[in-house]
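Since the structure comes first, as structure tokens, the remarks are kept for the end.
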Amino acid sequence: MPSVLVLNAGSSSLKYQLVQVGTRDVLAVGLVEAIGLPSAKITHTGGGDKVAKAIDCPDHKAAIAAVVDMFDRVGPRLADAELVAVGHRVVHGGEKFSDAVLVTDELLDALDELTPLAPLHNPANLVGLRAALELFPDLPQVGVFDTAFHQTMPDYAYTYAVPHEWREKHGVRRYGFHGTSHLYVSQEAARMLGKDTSEVSVIVLHLGNGASVTAVQGGVSIDTSMGLTPLEGLVMGTRSGDIDPAIPMHMVRAAGLTMEEVDHALYKESGLKGLTGHSDSRDVEDLRASGDDRARLAQEVSTYRLKKYIGAYAAAMGSLDAIAFTGGIGENSVVVRRMATEGLGILGIEVDPELNAGRSKQAHDIATADSRVRVFVIPTDEEGEIARQTYAVAKDAGRV
């Protein structure tokens, strides 16, 4: 059975999975860390073994070469796995890309033009794309965009009330992110409801170090919490989420900060870290359990924000069949799920405490029998979805 290699290139890291087409079985998974630094290492799990070792890795091309070497040494061998395509996670596709597409010179040029919209992510994605093209010149390669799923939003949902020139000349609008996860989880929620995606209204809560909420109605995104950038919306590990837009200017005037310092603070020093000193939700939960008041406040602030988005999106859709928790926090935090859904009986949401406290790696329902709205916990599968879309695009193009 054919397989797809899924690559997710960061500025100094490269995550990868080898996914079997059709079954979505993960044949291997790994991570290259500290690319360009003396401390670079690779961790690879495949062929029944897990291996971690230091490597000489000056750039992403060397990182991908190290990945190929691990497949040869540890397994499974890529030739034996019938590797037919490479899929790339690309964070920002702007308004140009509403679907996954084959990687071409024109695509690379378009992504270069989109760099101002995602200066932290797209340059790294581009480096990974170009390195993979060199090392896998005969394989079809496909870009799958975080933003693509949200291109169905109506204009009144994605438009900001800012000057016309900002919108037309500089692309200032809501784009949304985590689209691959929101697509997969909303489809799984419909399946669990026993209905076609066109028949259901679902709110998907992707909660991890980065977090977003999407209203999915009739199988398409109609609104989402992240905006021009992944900074807007929920309280995240180190990102502020929604704030008064005048705060950056206030800190420039009042504290003498530069815009670069404000940008760094809102992306890297805010969110849970800004409230508690800790960016990991698990640490915050442990601190709250020990009586730490800053941790209490942080959890109440973040789950209150969640609750407001659930209510807003239920109102926007005018109907609600299910909410679905996913991502590392959404799938594992009993406390966050409980706090985010408390008091939502007005929307028909009733969570069963015992079911919520249960642990399972499988998708499951934690709502009470009488709840009008189902409450699902669904493990996301972004890599599997990227592999599916990659194979479909390559097949349509006659490349596999």
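The values are calculated or read from the model by the stated rules, or taken from the named source; none is laboratory data. All of these numbers come straight from a predicted model, not from anything done at the bench. In this analysis, Cβ positions are derived from the backbone assuming ideal geometry, glycine residues included, and neighbour counts consider all displayed protein chains. SASA here: full protein model, heavy atoms, side chains in, ligands and nucleic acids out. Shrake-Rupley method; radii C 1.70, N 1.55, O 1.52, S 1.80 Å.
For the reader, a short list of remarks on this structure follows.
- Of all residues in the range 184-214 being in contact with a Ser or Thr (Cβ under 8 Å, 6 or more places away or on another chain), part of a helix (DSSP H, G or I) and of a type in the set (A, V, I, L, M), the one that is farthest from Q299 (Cα to Cα): A190
- Matching residues in the range 45-74 - criterion: being without any contact (Cβ under 8 Å) to a residue 12 or more places away in the chain and farther than 21 Å from V127 by Cβ: K50, A52, D72
- Residue-level check: of (1) under 17 Å from the mean Cα position of the chain (by Cα); (2) more than 19 Å from R173 (Cα to Cα); (3) of a type outside the set (K, R); (4) surrounded by fewer than 21 Cβ atoms within 10 Å (Cβ to Cβ), V262 misses just (1).
Rundown of residues vs (1) assigned to a loop (DSSP other than H, G, I, E, B); (2) farther than 27 Å from V220 by Cβ; (3) open to solvent by less than 10 Å² (accessible area, probe 1.4 Å), yes/no style:
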position: S98; (1), (2), (3): yes, no, no
position: P119; (1), (2), (3): yes, yes, no
position: P123; (1), (2), (3): no, yes, no
position: G128; (1), (2), (3): no, yes, yes
position: L139; (1), (2), (3): yes, yes, no
position: V144; (1), (2), (3): no, no, yes
position: K169; (1), (2), (3): no, yes, no
position: Y175; (1), (2), (3): yes, no, yes
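- Subset of the range 360-384 [open to solvent by 30 Å² or more (accessible area, probe 1.4 Å), more than 26 Å from L27 (Cβ to Cβ), part of a loop (DSSP other than H, G, I, E, B) and not small (G, A, S)]: T368, D370, R372
- Checking L107, L135, L114, L83 one by one, the residue that is open to solvent by less than 40 Å² (accessible area, probe 1.4 Å), out of contact with any strand residue (DSSP E or B) (no Cβ under 8 Å at 6 or more places or on another chain) and either modelled with pLDDT of 90 or more or under 18 Å from G179 (Cα atoms) (or both) is L114 and no other.
- Verdict on L183 being out of contact with any His (no Cβ under 7 Å at 6 or more places or on another chain), open to solvent by 10 Å² or more (accessible area, probe 1.4 Å), within 14 Å of T380 (Cβ to Cβ) and not hydroxyl-bearing (S, T, Y): yes
- Single unsatisfied condition, F136 versus (1) within 19 Å of D99 (Cβ to Cβ); (2) aromatic (F, W, Y); (3) touching a residue at least 24 places away in the same chain (Cβ under 8 Å): (1)
- Checked against the criterion of being at positive phi, in contact with a helix residue (DSSP H, G or I) (Cβ under 7 Å, 6 or more places away or on another chain) and of a type in the set (G, A, S), the candidates G94, G36, G87, G75 yield just one match: G94.
- If you go through the range 1-22 and keep only what is without any contact (Cβ under 8 Å) to a residue 24 or more places away in the chain and open to solvent by 50 Å² or more (accessible area, probe 1.4 Å), you end up with K15, G22.
- Every residue from the range 341-386 that is over 27 Å from G22 (Cα atoms) and of a type in the set (G, A, S): G343, G345, G348, A357, G358, A367, A369, S371
- Output for the range 23-64, where each listed residue is part of a loop (DSSP other than H, G, I, E, B), touching a strand residue (DSSP E or B) at 6+ places or on another chain (Cβ under 8 Å) and either open to solvent by less than 60 Å² (accessible area, probe 1.4 Å) or under 23 Å from D80 (Cβ atoms) (or both): D25, A34, I35, A40, G47, I55, C57
- Within the option set D80, D99, D146, being of a type outside the set (S, T, Y) and free of Cβ contacts under 8 Å to residues at least 12 places away in the same chain holds for one residue only, D80.
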